[in-house]
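The values are calculated or read from the model by the stated rules, or taken from the named source; none is laboratory data. Note that this is a predicted model, so its numbers are computed, not measured. Cβ sites come from the backbone with ideal geometry, for glycine too, and all protein chains shown count toward neighbours.
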Amino acid sequence: MIWLNVVIQGVLVGGFYALFACGLSLMFGVMRVINLAHGDMAVVAAYVAVFLTPHAHIPEVWAFLVVAPLFGLVGYVVQRTLIQKSIDRDPFTTLLVTFGLSVIIENLLLEIYSSNGQIVNVGELITKSWHPQTIIYISYVSLAVLAAAVVVLALLQLFLSKSGTGRLIRAVADDHEAAQLSGTNYQHIFGIAAAIAFATVALAGISYGMMTEFAPTSGGVNLLFAFETVVIGGIGSLWGTLVGGIALGVAQQFGAHINPEYQVLAGNILFLVVLAVRPQGLFGKKTALS
Amino acid sequence: MSDTWLEVQDLTVHHGQLRAVDGVSFQVARGEVLTMVGANGAGKSTLLRTIAGLHHQTSGTISFKGVNVTKLAPQRRVRMGISLVPEGRRLFPSLTLEENLQVGAHRATKGSFTIERVYELFEWMPQRRRQRAWQFSGGEQQAIAIGRALVANPQVLMLDELSLGLAPIVVERIYALIPEIVAQGVGILLVEQDVTLGVGVANRVHCLLEGKTSLVGTPGELSALQIERAYFGAEMSSPSHHHEDHP
């Protein structure tokens, strides 16, 4: 029964990892941009939820309703300006630019809000959990985050496969020059993809703030987990991202159960094993690597 | 030629240091096939890509129905009526056949070519429309690429190296489509390395040699020898223009 609890806790945290990683996967899949500021964008979203939305008399629990669309807008603008400009030069420039963005964001947050830990206040909900069995506790907040991850991934999958805009996103990801020859303004489509990515990372950031304490430098370690999630699940597969997140979460919980010091180590070992045995990821196609 | 749709004037395009297209001028009229012939590296593909807006010209102008389009983005030119079937087909491999056509049609101008019309032209397409583009053979992919360009209802259709890498029987079938497309009033700018094939469907022929116009005329007035010379540059005797790698 102890092991069942380990798996359950792993699945719960895995949902968060998937929510966090899907934007990273989308940005890479569509425009081949590795956004090193992805984790920091999540942290900014959490700060906005804690410090800015209360001014608009919006409770922190509901902040995501405002912050996610706002981040979508920011994503579109950042893509059409900063990131597009760096794509036009070469792939290495995008790494430098997003890394620079990450440094700037972290330092601005430190300057404005200090390094004190913050949480997104969800009231009494944080202490509540479902307790089906003596040693199994399922936190309502974690369950809600897992549910949010599944809903977001399902909607995204539906949008990409069924809608006209989703079709254009896939076309542009395949060959953006050929898409131009079909009358598509690919930079606009890149912007839409970035808007979706930023909106999901805002949800992930606020979720993180609900589950645990965050600080200006929380983005880095979460970005590492997001990378591991995408690699384990396979690039370009949304459901792979969910499975990757869950696999990473369960591995970490197993490690932590053996010895709390082994939590991150166990996740890294799983990541390395997948990379060695199945470099395209559990659900990835081999062609995605070429 | 009152029905001139595409007019290229004194166009020069550089590929880095190389002058890939050098002072080329020509026109394409409604319902006309203009074939560009020339050896590998003569600048044919660069010329088409520049007209489509994928390359920037160094100098010269490109106009469409009297409107200067030289500074327009590729997608704007498509919406005006200039389409390119690029070399190598360039389908969206992870999209289905039908999705490829839908992307081609999503900004279409009004006209006679719809996805249904393309399905009539290629009878094998409807029952395979849910297959991914990468699963089709080269000839089938070329047909899909033509269909994807047609559903945008272009008035000038540029076709780049249709026969490349395809079996002769397949090439024959694809070339048989050209009269049908022209019958709709579409002007065609065709680039072809296979001279006999390209000249066979042409109203006019334009030869390129190292980026420069080497010969212009109708198939009737040009002899095979003239075209061969314009293609290989045989009349140029200086060693720097020697070509040894021609088919």
Original post:
Which of (1) part of a helix (DSSP H, G or I); (2) within 30 Å of B:Ile51 (Cβ to Cβ); (3) out of contact with any Phe, Trp or Tyr (no Cβ under 7 Å at 6 or more places or on another chain) is the odd one out, the single condition A:Gly205 does not satisfy?
Top reply: (2)
**OP:** Scan region A:179-202 residue by residue and report those that are assigned to a helix (DSSP H, G or I), surrounded by 23 or more Cβ atoms within 10 Å (Cβ to Cβ), at the interface with chain B (Cβ under 10 Å from one of its Cβ atoms) and out of contact with any Pro (no Cβ under 7 Å at 6 or more places or on another chain).
**Re:** A:Ala179, A:Tyr186
**OP:** Only residues in region A:43-57 that are closer than 17 Å to A:Asn107 by Cβ count as the first member; pair them with residues that are of a type in the set (S, T, N, Q), Cβ under 6 angstrom, at least 6 apart or cross-chain, and list the lot.
**Re:** A:Val43/A:Ser218
**OP:** Look at B:Gly139 and say whether it is surrounded by fewer than 21 Cβ atoms within 10 Å (Cβ to Cβ), within 19 Å of the chain's Cα centre (by Cα) and on the phi > 0 side of the Ramachandran plot.
**Re:** no
Subject >> Set B:Gly88, B:Gly139, B:Gly41: member being more than 9 Å from every other protein chain (Cβ to nearest Cβ), of a type outside the set (S, T, N, Q) and in contact with a helix residue (DSSP H, G or I) (Cβ under 7 Å, 6 or more places away or on another chain) >> reply: B:Gly139
Original post:
Can you tell me which residue in region B:45-83 is farthest from B:Gly211 (Cα to Cα), limited to those that are out of contact with any Gly (no Cβ under 7 Å at 6 or more places or on another chain), at the interface with chain A (Cβ under 10 Å from one of its Cβ atoms) and of a type outside the set (A, V, I, L, M, F, W, C)?
Top reply: B:Arg76
Original post:
Of A:Val78, A:Val50, which residue is in a helix (DSSP H, G or I) and either at pLDDT 95 or above or touching a His at 6+ places or on another chain (Cβ under 6 Å) (or both)?
Top reply: A:Val78
Subject >> Residue identified as outside any loop (DSSP other than H, G, I, E, B) and under 27 Å from B:Glu7 (Cβ atoms) among B:Ile146, B:Ile169, B:Ile174 >> reply: B:Ile146
Subject >> Cross-chain or 6+ apart pairs with Cβ under 6 Å, region B:95-115 first and touching a residue at least 60 places away in the same chain (Cβ under 8 Å), then outside any loop (DSSP other than H, G, I, E, B) >> reply: B:Phe113/B:Leu150
Subject >> Selected residue (only one of A:Val103, A:Val97 is part of a helix (DSSP H, G or I), crowded, with 16+ Cβ neighbours inside 10 Å and free of Cβ contacts under 8 Å to residues at least 60 places away in the same chain) >> reply: A:Val97
**OP:** Would you check which residues across region B:63-102 are under 16 Å from the mean Cα position of the chain (by Cα) and over 23 Å from B:Tyr119 (Cα atoms) and list them?
**Re:** B:Phe64, B:Pro74, B:Arg77
Original post:
Which one is nearest to A:Ser163 (Cα to Cα), of the residues in region B:103-121 that are surrounded by fewer than 20 Cβ atoms within 10 Å (Cβ to Cβ) and within 7 Å of another protein chain (Cβ to nearest Cβ)?
Top reply: B:His106
Original post:
Within the group A:Ser129, A:Ser142, which residue is closer than 19 Å to A:Trp62 by Cβ, polar (S, T, N, Q) and either more than 14 Å from chain B (Cβ to nearest Cβ) or within 17 Å of the chain's Cα centre (by Cα) (or both)?
Top reply: A:Ser142
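Of the residues A:Leu156, A:Leu108, which single one is away from chain B (no Cβ under 14 Å), under 22 Å from the mean Cα position of the chain (by Cα), farther than 27 Å from A:Gly249 by Cβ and not hydroxyl-bearing (Ser, Thr, Tyr)?
On the way: A:Leu156 fails: farther than 27 Å from A:Gly249 by Cβ.
Just one listed residue meets the conditions, A:Leu108.
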Original post:
Got a sec? Which of A:Val141, A:Val152, A:Val120, A:Val145 is crowded, with 17+ Cβ neighbours inside 10 Å, aliphatic (A, V, I, L, M) and part of a loop (DSSP other than H, G, I, E, B)?
Top reply: A:Val120
